[in-house]
Structures are given as C-alpha cells and as structure tokens.
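**Q** Right, I'll just put the structure down here and ask away after.
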Amino acid sequence: MADGCRLAARVWLPADAEADPVPALLEYMPYRKRDFTRPRDEPLHHYMAGHGYASIRLDLRGSGESDGVLLDEYLEREQLDALDAIAWIADQPWCDGNVGMFGISWGGFNALQVAAWRPPALKAIVTLCSTDDRYADDGVSRTH
C-alpha cells in the first residue's frame, strides 16, 4: 500500500494470462483467506480463472495474513487500500488493465464504496446482500 503496509492476496490465473493478459476480478474482505473462507474461495476463484479472468482474494488490512490493524468496518483507510490494490492489479503483466470487484455483505459494501471513488481501472462491480445506505440498512432485519 502507499503507506508501506503489505496486504496478503491469493491470485488465480488462467494458464495463458502471462502471454495474453486478462481482466481481473477482486474480492476484498476481512474473512481470512488462508482458513476461514478457503473452502468456498478455492472453487469460486478457480472457476473465474478457468473462464478467462485473473481472480484475486485480498485480506483487508489487519485481517488474515495482511499487516496492520483492523480498527472498524468500512473505514476510509480500507477504501484507500482498495484503490491501491486495484491500481497494482491493473499494472500486473497478467492483467489487461481492467478490474472488476465483487462481494457479498462486507465485500459488497466494499465494492459499492470503492466504486464511488471512480478508480480508472475499475470497470464493473457485482454486489450481493449489501446496501448503498449502510446507516439505515446495514444488513439488519427490522420490523415495523
């Protein structure tokens, strides 16, 4: 990251991505990629790579194997880290410069918030079980 903090990622690539760069898909959340989400990450990201995308699973600052301290949900620092990560991904030799983000819940909130910054390489997002108004509807069930 710009401040020297190192974030941990796992990258799945199509077999020929080094010779023929591909678009990249980023999933960015705090749920430890090495153990907690690994059973669902393996088939999901492998599928994406098998269908022509670089697929990246990135642990937030202070979570999993990433450096730093996770102080709270959805902080600006988290978004700035995502902007750095997107720029880094777009600049890799296996990436054609186009990046998408996807996520469920926390990952979905991230995709929405990061898209609002309009980073040049971010071309699309897919977000599930999240909201654009996390103060009024942060995944909480309400009865009226």
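**Q** So residue 74 fits all but one of (1) more than 25 Å from residue 13 (Cβ to Cβ); (2) among the hydroxyl-bearing types (Ser, Thr, Tyr); (3) not in a loop (DSSP other than H, G, I, E, B); what number is the exception?
**A** Looking at each condition in turn, residue 74 falls short on (3).
**Q** Restricted to segment 5-20, and to residues that are of a type outside the set (Lys, Arg) and under 19 Å from the mean Cα position of the chain (by Cα), which residue is surrounded by the fewest Cβ atoms within 10 Å (Cβ to Cβ)? Let's see the steps before the verdict.
**A** Residues of segment 5-20 that are of a type outside the set (Lys, Arg), as a first pass: 5, 7-9, 11-20.
Now restrict to residues that are under 19 Å from the mean Cα position of the chain (by Cα): 5, 7-9, 11-14.
On the way: 5: 15, 7: 22, 8: 17, 9: 19, 11: 17, 12: 20, 13: 18, 14: 18.
So the residue we want is 5.
**Q** For residue 46, work out the one condition from (1) within 13 Å of the chain's Cα centre (by Cα); (2) over 25 Å from residue 3 (Cβ atoms) it doesn't fulfil.
**A** (1)
**Q** Would you check which residues across segment 84-101 are surrounded by 15 or more Cβ atoms within 10 Å (Cβ to Cβ) and either modelled with pLDDT under 95 or part of a loop (DSSP other than H, G, I, E, B) (or both) and list them?
**A** If the condition is that a residue be surrounded by 15 or more Cβ atoms within 10 Å (Cβ to Cβ) and either modelled with pLDDT under 95 or part of a loop (DSSP other than H, G, I, E, B) (or both), then 92, 94 are the ones that fit.
**Q** Let me ask another. Say we look at segment 32-65 and pick out the residues that are of a type in the set (Lys, Arg) and touching a Lys or Arg at 6+ places or on another chain (Cβ under 9 Å); which of these is nearest to residue 89 (Cα to Cα)?
**A** Step one: list which residues in segment 32-65 are of a type in the set (Lys, Arg), which gives 32-34, 38, 40, 57, 61.
Among the residues that remain, those that are also touching a Lys or Arg at 6+ places or on another chain (Cβ under 9 Å) are: 32-34, 38, 57, 61.
Working: 32: 20, 33: 18, 34: 20, 38: 21, 57: 12, 61: 17 Å.
Here the answer is 57.
**Q** Among the hydrophobic types (A, V, I, L, M, F, W, C) and within 14 Å of residue 31 (Cβ to Cβ), is that true of residue 71? Break it down stepwise before answering.
**A** Values: among the hydrophobic types (A, V, I, L, M, F, W, C): yes; within 14 Å of residue 31 (Cβ to Cβ): no.
So residue 71 fails the test.
**Q** Filter segment 44-71 for residues that are polar (S, T, N, Q) and part of a loop (DSSP other than H, G, I, E, B); which is surrounded by the fewest Cβ atoms within 10 Å (Cβ to Cβ)? Outline the logic, then answer.
**A** Looking only at segment 44-71, we keep the residues that are polar (S, T, N, Q), and these are 55, 63, 66.
Imposing the further condition that a residue be part of a loop (DSSP other than H, G, I, E, B) reduces the set to 63, 66.
On the way: 63: 19, 66: 21.
Only one residue fits best here, namely 63.
**Q** If you check every pair at least six apart or on different chains, which have Cβ atoms under 8 Å apart with a residue in segment 61-80 that is in contact (Cβ under 8 Å) with a residue 40 or more places away in the chain first and a residue that is in a loop (DSSP other than H, G, I, E, B) and among the polar types (S, T, N, Q) second?
**A** Partner pairs satisfying both residue conditions: 70/63.
**Q** On to the next question. Has segment 32-43 got any residue that is at pLDDT below 95, crowded, with 20+ Cβ neighbours inside 10 Å and among the charged types (D, E, K, R)?
**A** Checked segment 32-43: at least one residue is at pLDDT below 95, crowded, with 20+ Cβ neighbours inside 10 Å and among the charged types (D, E, K, R).
The values are calculated or read from the model by the stated rules, or taken from the named source; none is laboratory data. Keep in mind that what you see is a predicted model, and the values were worked out from it rather than measured. With ideal geometry, Cβ positions are generated from the backbone for all residues, glycine too; neighbour counts draw on all protein chains shown.
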